[in-house]
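Q: Input: one structure, supplied below.
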Amino acid sequence: MSKPLTDHEKRKQISVRGIAGLGDVAEIKKSFNRHLHFTLVKDRNVATPRDYYFALAHTVRDHLVGRWIRTQQYYYEKDPKRIHYLSLEFYMGRTLQNTMINLGLQNACDEAIYQLGLDLEELEDIEEDAGLGNGGLGRLAACFLDSMASLGLAAYGYGIRYEFGIFNQKITNGWQVEEADDWLRYGNPWEKARPEYMLPVHFYGRVEHTNEGPKWVDTQVVLAMPYDTPVPGYKNNTVNTMRLWSAKAPNDFNLQEFNVGDYIQAVLDRNLAENISRVLYPNDNFFEGKELRLKQEYFVVAATLQDIMRRFKSSKFGCRDPVRTSFEAFPEKVAIQLNDTHPALAIPELMRNLLDIEQLDWEKAWEITTKTCAYTNHTVLPEALERWPIYMFEKLLPRHLQIIYEINQRHLDRVAALYPGDNDRLRRMSLIEEGNPKRINMAHLCVVGSHAVNGVARIHSDIVKTTVFKDFCDIEPEKFQNKTNGITPRRWLVLCNPGLADIIAEKIGEEFLTDLFQLRKLLDFVDDEMFIRDVAKVKQENKLKFAAYLESEYKVKINPESIFDIQVKRIHEYKRQLLNCLHVITLYNRIKKEPNKKFVPRTVMIGGKAAPGYHMAKMIIKLFTSVGEVVNHDPVVGDRLKVIFLENYRVSLAEKVIPAADLSEQISTAGTEASGTGNMKFMLNGALTIGTMDGANVEMAEEAGEEHLFIFGMRVEDVEAMDKAGYNASEYYERLPELKQVIDQISAGFFSPKEPELFKDIVNMLMNHDRFKVFADYEAYISCQEKVNELYRNPKEWTKKVIRNIAASGKFSSDRTIAEYAREIWGVEPSDVKIPPPNEPCE
């Protein structure tokens, strides 16, 4: 048998990673050594692996800069409509490899680094993740940036440069422990500070009524310092900008006339202002009404809108003199997309700018605002909806409160005219919720202040129209749209799974990387023996590689022949990691009951972070790790079942685990997961899905054929019927002996012998107040998992299903999603114009 290829030799054969021309390789080596000596002032014999990473990052960055400048120049001259994607989260992960791929440099860099006696993959692993997001919403924003650049849109991502991103998760004695994510510790080679564009943001103060109208005065000022990160499109020489704001205290902070004498304290107090961009709030799908969070939301919005208006007014490249003075054309030149309600203050802030600063009348200002803004809803869970107390606004943003009151008054006048005497409807539709305290419903503000409102999968958009915003949809049905989420195939196929990308390219060419619908052509090869074998081989190699990673990082040995059964996502009751857990225990009990029976071996892996204050989510992690302790050390079980919690799940770990998965767990209660995007990543990477008819699973089943997914459980209608009739958990507990056994074991402390009571909260929740009806789907889930085992016994039929799934995943490219936003919300056309590269003259 020939000896296996090294990773480097394997990578050299992969065409989708670009051509390694001799000239390029020599140039990259030269640049690398130059950066090592002159940027990092390091001699080869004292340089560390981190120095090598930085030298390579700077080398690759050099290839971006010319394209970046040229792209911005091109926009300046062409003056297209600009898209501004406002988000409090951008979950970017690592940048180096993605940049090499999008610039077509990966093989050249790999070869250059290899010739220098280094390993590219080792250097890539040194980079810190930019973890400026919690989960789906933040990662969606990152995929969207990639697609907007790849589609040649003049787009900007605007957010906050958190000094500390999502916490690092450590598992200690089976419990989650949080650690600060000091991701900037060694510096960030991908960002460029732009102090020349620093802007003031105002807080507190009061509103004065003058002859020129209302004035917001006596405010405290915090400065917003922009940091720009380049966002390269895929091989089209377009490089867009992500601009993240960092909070800085002005130099006279707390040194005004009233604070004579305590100079030292005043300088120390600068921290209070700068805390605004200190840390990402680690809640996913949960609203925590903290003043610092409201400050963050206003901070990003106020800085961004000043930036947008400056850019709209100026008309010469690099010049800051206002030229445009009429705002009539503003909505023709500017689109603002609100990623959930977190940047909702863009609506009253744009109004404040137009009314108080630009002196427009209300009607004109409101028309411009609504035509400019659009809102994406990401959840229907009531606990996730932002409802800020009025008293916070009175104190922090008094002028915005006045403007919101006026928006509400005019809105309610309109509703009252349409539905005379329907006071209950007025109450339901008001932007202000009565109660103690009174609150502002930010979702209502977004719906009223936007020209388009969208959900993120068809089933979710339907729920939005028929329940959450039904009253609004009755009045303006044309405002409501669906834009099913997608993922970028550059990061989520070429980067993370080059072996699969390559065998696909061999069959259908490379165009699928910018037109994922072309994967449909793979249906021609669903019975091609060679292709079936190649797909299975790539999956096996990915599994072996991930198994080796687990062994080196966590000292756990797993059976690479087993089903890799994976559920990675934030830990939340609605995502039902508990249902997965009950299946694992059931499987364990079956093995113990018939130890000599043939079982299909499984490795069940769960990964994800729990919000630090979410008690139940933390208990779920503890339960799963405790079950693992028992199962993994039971000699009767052997390697037929292993249970592994994947610590510190993040983008860079997703890139390793997803290509190795056989089974993707997407098991939320129908009607709770707005879309999901992990589901799409698994599908594209050759895993089969076990899931409910929820979120984008519905459309995945439609694309591939429901018979090619493992669909189980209640549909939305069934859940609604059960809510009406009442869900009774004990009915299932009494009727299903295997379920009863599992619950009794957890309850009696079988998995926590030293603390028998440890899981009483979980059992109590499941038995008495489970909003997400875990038991109701248990039976269907278990029998569906038996179907999984049955198919896995027939590797060829399994792989055929895999090929059908990959072939059906074209719809779930974020390129398709963004093309729909562009045409149907922003009113712009995607362009395949390739800007000339820096080494060629412009026309």
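Q: Can you tell me the dipole magnitude for the range 558-794 around its Cα centre, using point charges on the Cβ only (Lys, Arg +1; Asp, Glu -1), in Debye to the nearest 20?
A: The dipole magnitude comes to about 780 debye.
Q: Considering the range 241-290, what Rg and Dmax in Å follow from its alpha-carbon atoms?
A: Just the Cα atoms of the range 241-290 yield Rg and Dmax of 15.3, 46 Å.
Q: Related question: In nm, give the distance between the simple-model label positions of Asp413 and Lys754, each being 7 Å from the Cα along the Cα-to-Cβ direction.
A: Here the answer is 6.8 nm between the modelled labels.
Q: Which loop-located GluC sites (Glu not before Pro) does the range 531-627 contain, where loop means any DSSP state but H, G, I, E or B and the Cβ has at most 16 other Cβ atoms within 10 Å?
A: Counting only loop positions with at most 16 other Cβ atoms within 10 Å, the GluC sites (Glu not before Pro) in the range 531-627 are Glu561.
Q: So for the range 437-501, considering every pair of alpha-carbon atoms, how many percent are separated by more than 13 Å?
A: 69
Q: A further question follows. Obtain the nm distance between the two label points defined at Glu829 and Asn275 by a simple spin-label model: each point lies 7 Å from its Cα along the Cα-to-C-beta direction.
A: Label at Glu829, label at Asn275, 5.2 nm between them.
Q: Between their Cα atoms, which of Lys30/Lys545; Lys724/Lys773; Lys235/Lys333; Lys557/Lys787; Lys248/Lys290; Lys681/Lys801 are more than 22 Å away from each other?
A: Lys30/Lys545; Lys235/Lys333; Lys557/Lys787
Q: Tell me which trypsin sites (Lys or Arg not before Pro) from the range 148-215 have a DSSP coil assignment and no more than 13 other beta carbons within 10 Å of their own.
A: Answer by residue number: Arg185.
Q: Per 10 Å bin, what percent of the C-alpha pairs of the range 415-472 does each bin hold, from zero upward?
A: Whole-percent P(r) values from 0 Å outward: 21, 46, 29, 4.
Q: Counting pairs of Cα atoms in the range 58-188, how many percent are more than 23 Å apart?
A: 47
Q: Quick one: accessible area per residue over the range 558-794, 1.4 Å probe, rounded to a whole number of Å²?
A: It amounts to 34 Å² per residue over the range 558-794.
Q: For a Förster distance of 60 Å, can you work out the FRET efficiency between the beta-carbons of Glu179 and Glu328, rounded to the nearest 0.05?
A: Computed FRET efficiency for Glu179 and Glu328: 0.70.
Q: Excluding same-chain residues fewer than 8 positions from Lys470, which aspartates and glutamates have a Cα within less than 12 Å of its Cα?
A: Straight-line reach from Lys470, under 12 Å: Asp462.
Q: Express in Å², to the nearest 10, the accessible area of Trp362 obtained by rolling a 1.4 Å probe over the protein heavy atoms while all chains stay in place.
A: Here the accessible area works out near 40 Å².
Q: A further question on this structure: Using Cα positions and a limit of under 16 Å, work out the aspartates and glutamates in reach of Lys78, with same-chain residues fewer than 8 apart set aside.
A: Glu332, Glu829, Asp832, Glu843
Q: In addition: Grab the DSSP H runs of the chain that are 4 residues or longer, score each as -39,500 (n - 2.57), total them, divide by all residues and round the 222 nm result to the nearest 500 deg cm²/dmol.
A: Helices in the chain give a 222 nm mean residue ellipticity of -13500 deg cm²/dmol.
Q: Averaged over all directions, how much area does the convex hull of the C-alpha atoms of the range 508-631 cover when projected, in nm²?
A: 11.5
Q: Among Asn408, Ala374, Ala302, pick out the residue whose Cα is farthest towards the positive end of the charge dipole of the range 302-415, where Lys and Arg carry +1 and Asp and Glu carry -1 on C-beta, about the Cα centre.
A: Checked the options; the winner is Ala302.
Q: Now, a different point. Mind pulling the per residue volume of the convex hull built on the Cα atoms of the range 558-794? Å³ is fine.
A: Residue-normalised Cα hull volume stands at 126 Å³.
Q: Considering only DSSP beta bridges where both residues belong to the chain, give the percentage that are antiparallel (nearest 5).
A: Just about 45 percent of them are antiparallel.
Q: Moving to a separate point now. Counting other C-beta atoms within 10 Å, and keeping those with at most 11, which DSSP coil GluC sites (Glu not before Pro) do you find in the range 166-226?
A: Glu212
Q: Full extension from Gln256 to Glu434: what is 0.36 nm times the residue separation minus their Cα-Cα distance, to one decimal in nm?
A: So the extension gain works out to 60.1 nm.
Q: Dividing the alpha-carbon Rg of the chain by 2.2 N^0.38 Å yields what?
A: Rounded to two decimals, the normalised Rg is 0.97.
Q: Something else: Using the C-alpha gyration tensor of the range 203-344, what are the square roots of 5 times its eigenvalues, in whole angstrom, with the largest one first?
A: Taking √(5λ) for each Cα gyration eigenvalue gives 30, 23, 18 Å.
Q: For the range 351-449, what is the convex hull (Cα atoms) projected area averaged across all directions, in square nanometres?
A: For the Cα atoms of the range 351-449, the hull's average projected area reads 7.3 nm².
Q: Between Lys557 and Lys507, 0.36 nm times their residue separation minus their Cα-Cα distance comes to what?
A: Roughly 14.5 nm would be gained on extension.
Q: Also, quick follow-up: In nm, what is the difference between 0.36 nm times the number of residues separating Ser314 and Lys593 and their Cα-Cα distance?
A: Difference between extended and current length: 92.9 nm.
Q: Put a dot 7 Å past each Cα toward the Cβ at Tyr204 and Gln73; how far apart are the dots in nm?
A: Modelled inter-label distance: 4.6 nm.
Q: Additional query: What part of the accessible area of the range 558-794, given as a whole %, is carbon or sulfur when the probe is 1.4 angstrom?
A: For the range 558-794, the apolar C and S fraction of the accessible surface comes to 50 percent.
The values are calculated or read from the model by the stated rules, or taken from the named source; none is laboratory data. Remember, it's a predicted structure, so these values are computed and weren't measured experimentally. Don't worry about glycine lacking a Cβ; one is built from the backbone with ideal geometry, like all the others, and counts go over all protein chains shown. Remember, those area values only see protein heavy atoms, side chains included, never the ligands or the DNA or RNA. Shrake-Rupley method; radii C 1.70, N 1.55, O 1.52, S 1.80 Å.
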